[in-house]
1. Of everything in the range 53-80, what is exposed (fewer than 15 other Cβ atoms within 10 Å of the Cβ) and touching a strand residue (DSSP E or B) at 6+ places or on another chain (Cβ under 6 Å)? Give them in sequence order.
2. When the range 22-52 is examined, which residues are found to be assigned to a loop (DSSP other than H, G, I, E, B) and surrounded by 11 or more Cβ atoms within 10 Å (Cβ to Cβ)?
C-alpha cells in the first residue's frame, strides 16, 4: 500500500490509499471515530472505476492527524488479533 497526502493543512488531512480497497478506507474511518480528537472522518467516494480509495479527516483543536491514524491502526491490529483468537476457539 502506498499512502499519498492530497491535502494537509491545519488539522485537515486527506489521503489516497493506493493499492487498497474501499473496505480498508471504511474500516479506518470507522475506527477513527473512536478517537475523541476527531471531528470528522470519512472515506471519499468518487466514480467506482476511476479512483483509488481516499480518506478525509478533520481534527479538533491542535491534535495531529498522523497520531490519530497511528493509534487507529494499533486499535485495528488488536481487534484483528482478538477476532483471530475467537475464530480459532470457535473452530475447536
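1. Result: 60, single match.
2. 33, 34, 35, 37, 45, 51, 52
Each value in this text was obtained by applying a stated rule to the coordinates, not by laboratory testing. Only a predicted model underlies this, so the values are computations on that prediction, with no experimental measurement involved. No Cβ is skipped: glycine too gets one built from the backbone with ideal geometry, and neighbour counts run over all protein chains shown.
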